[in-house]
1. For the range 1-115, what is the relative contact order in percent, using Cα pairs closer than 8 Å and at least 6 residues apart in sequence?
2. Ranked highest first by average number of other Cβ atoms within 10 Å, how do 155-163, 28-36 line up?
3. Can you run phi through the Karplus equation (6.51, -1.76, 1.60; θ = phi - 60°) for the range 210-219 and list ³J(HN,Hα) in whole Hz, with x for Gly and Pro?
4. Grab the other residues whose beta carbon is less than 10 angstrom from that of ALA243, score K and R as +1, D and E as -1, and report the net.
5. Could you tell me the distance between the Cα centroids of the range 185-258 and the range 2-19, to the nearest Å?
6. Based on the alpha-carbon gyration tensor of the range 109-200 and its eigenvalue square roots a ≥ b ≥ c, which shape applies: rounded if a/c is under 1.5, prolate if not and a/b is larger than b/c, or oblate?
7. Can you compute 3J(HN,Hα) from phi for each residue in the range 49-66, using the Karplus curve 6.51 cos²θ - 1.76 cosθ + 1.60 with θ = phi - 60°, rounded to whole Hz and x for Gly and Pro?
8. Any idea which of PRO144, LEU41, VAL121 is furthest toward the positive side of the dipole for the chain, if Lys and Arg beta-carbons carry +1 and Asp and Glu beta-carbons -1?
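What follows draws every value from the coordinates through simple rules; no lab data is involved. This structure is a prediction, so every number in the text was calculated from the model and none was measured. As a convention, Cβ positions derive from the backbone with ideal geometry for all residues, glycine included, and neighbour counts pool all protein chains shown.
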Amino acid sequence: MSRPRVGIIGNSYLIGGDYPAHASGTMNSQAVSQVAGCLPLLIPADPRFVSVEELLETFDGFLLTGGRPNVHPEEYGEEPTEAHGEFDRCRDAITLPLVRACVERGQPFFGVCRGFQEVNVAMGGTLHPEIRELPGRMNHRMPPDGTLEEKFAPRHCVHFTEGGPFHRLLGTTEVMTNTLHGQGIKTPGRRVVIDGRAEDGTPEAIYIEGAPGFTLSVQWHPEYNAANDPVSRPLFEAFGKAARAWAAGRRAASLRTA
């Protein structure tokens with residue numbers, strides 16, 4: 001039986017300063033394939049090439065990846081400033097309606113870093129452009145120097161709600177995670193439940209209340225060393241299980257109508 005198909009949201013880049021490309025980190029494909037047990041396929045997140053409807057009918061789940069560009073603040077009713085950084089309006093045009101459609105259909109998605117923020121905005125929430133400037137907050141950005149291992153090393157605790165989905169899945173209310181983000185949730189969107197926070201109060205883990213499918217999303221980067229990390233592995237395994245359930249339902253529906 002073929003593996004469930006997971007669409008990995010790609011980011012737009014200019015290679016060499018002038019050659020446009022869509023790409024995603026190898027870690028994302030590795031985690032989806034080796035830990036979630038699914039077939040990783042890169043999505044060029046641009047409405048000129050794909051539609052949300054096509055994606056929903058093609059894939060069994062979606063990995064909403066991190067990325068340097070941020071969600072444009074116009075998507076949550078604010079004006080852009082220098083602090084908001086770079087944008088990718090084409091990705092906004094795909095991922096925000098995709099999240100809303102998946103929530104209603106029960107189609108699984110796993111949001112990571114920017115993807116975590118996209119889920120909040122898609123549901124009507126807002127973002128802080130630079131959380132390290134807020135009183136009492138730590139610097140959550142990626143260290144500017146060091147090896148890959150040093151940049152993705154665990155740097156702070158995340159505390160989960162007692163009895164919440166992350167506690168039930170991971171078997172603990174406190175874990176250590178990496179942190180490589182500048183923005184963060186200001187106000188949660190409709191039905192967005194903050195299920196985990198960093199020591200400084202920054203939201204780090206969310207899900208959509210009442211959604212029929214898998215909607216867990218995290219602000220850190222669990223794709224790094226996912227096969228060996230005791231926090232990352234259960235998250236990707238649960239996501240893969242949800243994608244397999246969706247694929248099985250799709251196959252069953254296809255047989256009934258054959």
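1. Values: 178 pairs, mean separation 33.9, N = 115.
Relative contact order of the range 1-115: 29 percent.
2. On the way: 155-163: 16.1, 28-36: 22.0.
Final packing ranking: 28-36, 155-163.
3. After applying 6.51 cos²θ - 1.76 cosθ + 1.60, I find x, 6, x, x, 6, 10, 5, 9, 10, 7 Hz.
4. Values: positive: ARG3, ARG5, LYS241, ARG244; negative: ASP60.
After counting each charged neighbour, the total is +3.
5. 20 Å
6. Values: a/c = 1.67, a/b = 1.15, b/c = 1.45.
Oblate.
7. These are the phi-based 3J(HN,Hα) values: 10, 9, 10, 4, 4, 4, 5, 4, 7, 9, 10, 9, x, 9, 9, 8, 7, x Hz.
8. Highest projection toward the positive end goes to LEU41.
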